[in-house]
Amino acid sequence: MQVGFGKVTTMSQVTLLEEVSQWNQETCQQQLKSVLPKLKLYRSALTLFHAMHHDTDSGEEHTNIFQVITNRFLPHLSLSALEMECFSSVLPKVAKIFASFLEEIVRQVGGLSSQNAELQTFLRNILKMMVQTLECLSGCVRHVGSFEESVSLDAIRSLPSCVLRILKDTFQHCKDSEVMYSGRLSLVGDLLQGLFKEAYSLQKGLMEVLEKINLDDSSSEEEVSDIVIVIHSLLDICAITSSLDIALHANTWKFIIKQSVKHQSLVEDRLHHTDIAFSLCEDLCTSVQNCFVMAQQIQQSGLQEVVHCPEFKLIQKATKMCRFFANTLVHYTKEFKAFLAKSCCRFHQCYLQIHRKFPLSVLALSVPAALIEDLRVSVLVPMDAMLMQLLSFHPFAESVLDPGHQYSTELCLPQCLLLVNVMGKISQSEEALRLWSDGSQFSEENPRWSVFEAVLQSFRKCVLERAVPVTLPGVMLRGQAQGTISLHQHVCVHMCACVAALPPQHFAPLERSLLAAVLQADTQTAVLAMDVWCFLARYGSADLCFHHVHLVAHLIRSCPDKGYQLVHLALLLRRLLFLMTPKHQMEFVERFPPSQEENLCVWHHILLRCLSTEACVRVEEEVLSKASDALQEWQDSGYRLGNVSRVNRVLGCVLVVMGGSNLHAESVVSSVKIISLMWSRMSSNQVQIYPPLQCTVKLLLSISAAVIKSVAPHVIIQAVSCLSELNLQKCPDDLLIAALEFLASMGKVFAPPNIQGQVLPRLSALFNGLLTHPSWLIFQHVLEAFGLFAEITNHEEVISQTLTSEEVKTKVINFLSKTVSQRESAEERLERLKEDRSVIENHCERLDGEKSLPVHTGPAEEPCPKRARQETKAEEEYERYLQKAESALKALQSIEGPGCSPSPPQWVRVRLEALQTLVTQINTTTDEQS
């Protein structure tokens, strides 16, 4: 058969092949120059023929020629002649034929079955030729490796590219074989195993040859490009072999990293560092996941002796791979950190994903404790070393401190622990300290929190972990660990330790972060910030503490009357006052005297027991004097309801005074006088419809509870009567809490016989009504108050008259005996807490969105856009104003009712007539418009 390639024919070449096969090595060496060109020429013809006909005969001839060239003539070629005489012309065609073998398999494999013997034989022949091709390539590699002289890439340029291309295709075919051959894998399984084994051996040989190659500054541009291509090709192979063979995968990675470091100065700016880093992180995370899955399977099997189970060796092998990838990642990061800016986000995610697998996370898999320690040492220790390397790397800090990054539920705790870990390390380097503690300083920088703000924000996100709660190993104290501590304690201890080592120039971002945390909605995060703030005040100077108290007091004066910000600031102020010197406490009283109206909101939230004796006496005198003056002014105004809010502010300070210890007798007498007069003015009808009066009653109840033993019997009757006439089910919760405080305190007094009939039945009725309150939170407070009352009262008939219902009696008895009626499992509790987490987060976000106290916590920003005007429908406006008018008129009517004060002064009637005229005018205008 003539194929158009000179005078060479297939028959003559077949004869030549048979003849050459009989030659000895000496004859082959002698005939090398004349025969090898003919074989290469025939090989070209077969390539063309195979492309046209796709038959196995031409493929087999092709393989036979390659075997003859490799076995008979290659050993006689010098190193310098390999590329020009053989590799450059033969190997590219070998790669093409090998690819065509794979294409033919893909085309024909759909019809493979045990019944189709012809196709089965055909595909097996192709696989055999593929194995023979790999054997020949291995022969080429072994021949190159046999030279004692140093090998340059220029001398074998075609060999690595051909081998790596064929290896990639081979491993991919083996990886896809289970799906490709489907249920017919057994028909060719032996050949596929042989194919993989030969490919494994070929890659190992190629890497051994390439390790002998040394490049230096005198190496050619082509050699440098070739070694870069080799590294990237092996990286592609790594992505395939990760699920095929652990040893092959690890050896390939070793070679990649070793060659990258060996030729670092030549290749570092050409390597695809992002791809390498991403692949290493992916392999590390996958290995860790595999370890935990296997460990969980052992846990679920219920084995007591983990070490003796068959799977233990598999886990040990997997753990060894984890250690290898973790150490490899550390090594690679150390050598090429300058080129890894784009990989920092992946390093950050890898750190978080690995830590979330370990038991501290509430969502981690349950695994035997015996297996955790090996994994911890194998993975977490190297990850900590990598963190140290990246600590001063700006892109990594930007990734970790990015304010816009949203973390999934399972990554919140790892992020928090990462930041705590960072805080413990940054003091070792001024560069790292500046990078992590100051945050972004300029508008052109990427936004970056300070590490303090980031810690507090991440702690806030750990709602689930705080509720469970998770526990962590305690710090060492006097050479011994403190057992386990809560997440709150863990973060607080490490944050305070960082503050203790913090230079003064970094205090500003710390203080801004603490203030921002105090002013946000999550109370536990605010308390954490307060803990650190108090440490800062104690660790710093007395002047610094006084400065902070002064700042917080001014912020309280800027707050609205209600809101979580005021509550948090008030708690911080109380704690800081304990830390002030007596001299500074007196100075604080002088700067914020209670006698001035604008300072009442500050003293409303202070505990007197935190003050020195001198400061405490002065505050008591000024508060009670101010209260008497305010009460007198209210009397002079005819008890106008418009002045109630001012009276409430003073009463709040009186409550603070009554909450102190070692009260002077004069203070008690003055406070009792005040509340006695106030109780005489309280009308349940007014209280029910007028919110400021509800606040008044709440304060009166709390003050009365504090001085209950000094309250006159007729005042007790007035208080109990007022409470009894209120519809408690519709009262605000804070009023109910104050009422319960008062009712509990009634157990301390013995009602005289002449008032028992007016007081005791009402106490029973009040407790009875509150014990059926629908709110579980209020109900809990009712149980506590009733328990306190029952424990100390002499009027046991109140108890029996209260517990008239068997259901209520059972609940009270269970509470007092601490009996739990229902217990939820750990799984049920975790699921409930997960549901609660979203509710709590949404609630806090809503509160944060309603902030009314602006706090500057970072660089200058653009002013917020003006809020769009909210349009209100006319009907809603009418309804709102009419409701206010009706409420005010009803309150006014109750003042003039029977049993109230004497007839109103003349000016009241004049103003009522003016209001009547105004109502007539409004009606007239409305009629005209309609």
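Where a number appears in this text, it was derived from the coordinates with a stated rule and is not lab data. None of the values given here were measured: they were computed from a predicted structure. Neighbour counts run over all protein chains shown; Cβ positions are idealised from the backbone, glycine included.
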| Which of the trypsin sites (Lys or Arg not before Pro) found in region 445-517 are in a DSSP loop and have at most 10 neighbouring Cβ atoms, other than their own, within 10 Å? | ARG478
| field | Spacing of the two label points (7 Å from each Cα toward its C-beta) at GLU845 and SER817, in nm | value | 4.6
| Just the Cα atoms of region 272-390, one point each, no solvent: what log10 I(q)/I(0) does Debye give at q = 0.14 Å⁻¹? | -0.57
| When TRP907, TRP533 are ordered from fewest to most other Cβ atoms inside 10 Å of their Cβ, what list results? | TRP907, TRP533
| Using alpha carbons only: equivalent-ellipsoid semi-axes of region 610-765, gyration tensor based, whole Å | 24, 20, 14
| Using a Förster distance of 35 Å, the FRET efficiency for THR810-ASP374 (Cβ separation, nearest 0.05) | 0.10
| Additional length obtainable on full extension of the chain from ASN643 to LYS254, 0.36 nm per residue less Cα span | 131.8 nm
| remark: Residues of region 353-394 with backbone N under 19 Å of the label point set 7 Å from the Cα of GLN297 along Cα→Cβ are 365-372, 375
| said: Could you tell me the calculated FRET efficiency between SER628 and ASP543, based on Cβ-Cβ distance and R0 = 51 angstrom, to the nearest 0.05? | reply: 0.90
| request: Tell me which residues come under 5 Å, amide H to amide H, from ILE485 once H is placed; ignore anything under 5 positions away on its chain. | output: LEU472, GLY474
| task | Report the calculated FRET efficiency for VAL381 and GLU430 (r = Cβ-Cβ distance, R0 = 25 Å), to the nearest 0.05. | result | 0.45
| note | Expected vector for region 342-351, Karplus 3J(HN,Hα) from phi with 6.51, -1.76, 1.60 and θ = phi - 60°, integer Hz, x for Gly and Pro, equals 6, 9, 5, 4, 6, 4, 4, 5, 4, 4
| Given +1 on the Cβ of Lys and Arg, -1 on the Cβ of Asp and Glu, and no further charges, what dipole in debye does region 401-523 carry about its Cα centre, rounded to the nearest 20? | 420
| task | Would you order LEU889, LEU577 from fewest to most other beta-carbon atoms within 10 Å of each residue's own beta-carbon? | result | LEU889, LEU577
| request: Filter the cross-link list LYS96/LYS204; LYS197/LYS317; LYS93/LYS262; LYS461/LYS834; LYS212/LYS313 down to pairs whose alpha-carbon distance in this structure exceeds 24 Å. | output: LYS93/LYS262; LYS212/LYS313
| task | Find the relative contact order for region 541-681 and round it to a whole percent, using C-alpha pairs within less than 8 Å whose residues are 6+ positions apart. | result | 23
| query | From the backbone phi of region 230-247, what are the Karplus-calculated ³J(HN,Hα) couplings (6.51 cos²θ - 1.76 cosθ + 1.60, θ = phi - 60°) in whole Hz, Gly and Pro given as x? | reply | 4, 4, 5, 5, 5, 5, 4, 5, 4, 5, 8, 7, 4, 9, 9, 8, 5, 5
| field | Highest average packing first - 735-744, 107-116, 184-193, Cβ atoms within 10 Å | value | 735-744, 184-193, 107-116
| remark: Any aspartates and glutamates whose Cα falls less than 20 Å from that of LYS730, other than same-chain ones fewer than 8 residues away, would be GLU741, GLU886
| task | Could you check the simple spin-label distance between SER443 and HIS714, using points 7 Å along Cα→Cβ, in nm with one decimal? | result | 7.1
| request: Go through region 749-759 residue by residue and turn each phi into a ³J(HN,Hα) via Karplus (6.51, -1.76, 1.60, θ = phi - 60°); whole Hz please, and just put x for glycine and proline. | output: 10, 9, 6, x, x, 6, 10, 4, x, 8, 10
| query | Given Cα pairs under 8 Å that are at least 6 residues apart, what percent is the relative contact order of region 272-390? | reply | 40
| note | Sorted on mean Cβ neighbours within 10 Å (highest first), peptides 131-143, 671-683 come out as 131-143, 671-683
